[in-house]
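Encoded as structure tokens, the structure appears first; notes follow it.
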Amino acid sequence: MADFDALLRVRESFALQGAMHTLGAQITHLEAGAVDISFDWAQGLTQQHGFIHAGVLSAALDSACGYAGFSLMPQDAGVLTIEFKSNLLAPAKGQRFRCEGRVLKPGRTIVVAEGRAYAIDSGQEKLCATMQCTLMAVQGREGIAGK
């Protein structure tokens with residue numbers, strides 16, 4: 001069962017993310033250890049061929065993984081990504097994109113999560129990227145704790 005306060009903290013922290021605001025991204029699924037972030041195609045998010053830029057997709061995947069981990073962290077902890085690896089499997093071509101973050105291994109300090117990005121084109125979802133993400137719970141640091 002999800003802790004309501006933890007899920008509220010995720011939503012409040014997400015609202016502070018200028019990067020996700022710039023993408024027009026929204027949390028479309030939220031439960032303990034699992035977050036989906038979705039956004040629509042926009043010209044300003046593309047690379048030269050009109051596909052969503054790999055950096056944009058990686059940012060959304062990183063946030064999805066980060067918030068999945070954050071949802072399981074203590075109330076006074078903040079979350080920081082300490083490492084990630086992306087695999088780009090197909091061009092990010094579609095009208096909408098959904099990035100899933102799922103915790104694989106929660107830990108007291110280190111959390112391992114995985115992400116999957118789907119391009120939604122004409123109602124069909126296609127896996128276009130994956131991510132392995134390592135997160136750190138940060139406690140006792142001014143400006144980071146609880147966000």
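Provide, for the chain, the number of lysine pairs with alpha carbons under 22 Å apart, each pair being eight or more places apart or on different chains.
Lysine pairs, 8 or more places apart or on different chains, close enough: 5.
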7 Å from Cα along Cα→Cβ at both Gln26 and Arg96: what's the point-to-point distance in nm? 0.8 nm
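Quick one: accessible area per residue over segment 78-147, 1.4 Å probe, rounded to a whole number of Å²? Walk me through the numbers on the way to the answer.
Numbers: 3980 Å² over 70 residues.
Accessible area per residue: 57 Å².
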Taking the alpha-carbon centroid of each part, what is the distance from segment 115-130 to segment 3-45 in angstrom? 17 Å
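The values are calculated or read from the model by the stated rules, or taken from the named source; none is laboratory data. Every value quoted in this text rests on a predicted model; they were computed, and no experiment measured them. Here Cβ is always computed from backbone atoms with ideal geometry, including for glycine, and neighbour counts include all displayed protein chains. Accessible surface is based on the protein model in full, side chains and every heavy atom, while ligands, DNA and RNA are left aside. Shrake-Rupley method; radii C 1.70, N 1.55, O 1.52, S 1.80 Å.
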